[in-house]
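Quick notes on the structure that follows.
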Amino acid sequence: MIRKKGFSGTTVDDLCKAAAVTKGAYFHHFNSKEALGVAAAEFWTETTSALFAHAPYHVPDDPLERVLAYVEFRKAIIEGAPAEFTCLVGTMAQETYESYPAIRDACATSIFGHAATLEPDIQAAKIEHGLTDDGWTAQSLARHTQAVLQGAFILAKATGDREIARESVDHLKRYIQLLFNRARDETGTSEGKCNKRS
C-alpha cells in the first residue's frame, strides 16, 4: 500500500482495510503512524535480507561474476507495476527524511545494510584484479549500486514504465564492467578476464 500510494498518501483507514483489521487492533500495535513506518522498514529489511541471502547470484566462484550476477538479479525482479518492484524503504526515505527522522533512520539502516552485503565480493574482485590503489572503495561502489537502483525506481514511477528501470540497471552493469576493464588496461593485470564479460 505504501509503495503504491506513498507514506503520506496512505491513511490508517487504507491500512486497516487492506489488512482486514479494526482501528482498535491497529492502535493496539502502533501508537502512531511513525511507529508503523519504522516497523514496516524493519520488516522490509528482515524479509528482503532473507530473499537476497538465498538468491542465485551467490553461486559463481569468481567474485566479479557474483557482483555482476547481483545486478542481473536486481534487473530480473523488476516485474509488474512499480508498486510491485520498487523499494519500500527508498519510497519512505524520500518522503520522510525530514518529517519523520525515526523512519528515515530505519530506512537508512536498511539501504546501507543491504549495500554492505555487496562489499566482500567487490573487495575480493578488486584484489583478484589488482585494484588496490584506484581511488574508489568496495563500500563506495556498493553504495553507488543502490543509488542507481533507487534512481531507476524513481524513473519507473515517473513514467509508469518498468523498462526504463531495467535500462538503468543495464547501464549499471556496463559501468561495473568498464570499471574493472579500465583498471585492468591501466595495470595490465587480470588479462582477458573482463573481456569475456564485455
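Computed quantities for the displayed model
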| item | result |
| --- | --- |
| Residue of SER99, SER140, SER168 that the Gaussian network model of the chain assigns the largest fluctuation, springs spanning Cα pairs under 10 Å | SER99 |
| ALA108-VAL21 FRET efficiency (beta carbon distance; Förster radius 41 Å; 0.05 resolution) | 0.90 |
| Note, ³J(HN,Hα) from phi for the range 4-18, Karplus 6.51, -1.76, 1.60, rounded to Hz, x at Gly and Pro | 7, 10, x, 5, 5, x, 8, 9, 4, 4, 4, 5, 5, 5, 5 |
| Helix axis angle, 33-53 relative to the chain longest principal axis, alpha carbon, degrees | 40 |
| Set LYS126/LYS157; LYS4/LYS33; LYS17/LYS75; LYS23/LYS75 screened for pairs whose C-alpha atoms are more than 27 Å apart | LYS126/LYS157; LYS17/LYS75; LYS23/LYS75 |
| Environment charge at VAL59 (Cβ cut-off 10 Å; Lys +1, Arg +1, Asp -1, Glu -1) | -1 |
| Rounded tilt (10° steps) of 138-159 against the dominant C-alpha axis of the chain | 50 |
| Rounded D (µm²/s) - the chain, Kirkwood Rh over Cα pairs, Stokes-Einstein at 25 °C, 0.890 mPa s | 134 |
| At most 10 other Cβ within 10 Å, DSSP loop - GluC sites (Glu not before Pro), the range 25-126 | GLU79, GLU98 |
| ASP134 versus ALA39: modelled label distance in nm, points set 7 Å from Cα along the beta carbon direction | 4.5 |
| Pairwise label distance in nanometres, MET1 with THR47, each label 7 Å out on the Cα-Cβ vector | 1.3 |
| Residue-count net charge about PRO120 - beta-carbon cut-off 15 Å; Lys, Arg +1, Asp, Glu -1 | -3 |
| Cα-projected label distance for SER32 with ALA147, points at 7 Å along beta-carbon direction, nm | 3.2 |
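Each value in this text was obtained by applying a stated rule to the coordinates, not by laboratory testing. As the structure is a computational prediction, the values presented were derived from the model and not from experiment. We place every Cβ from the backbone using ideal geometry, glycine too, and count neighbours over all the protein chains shown.
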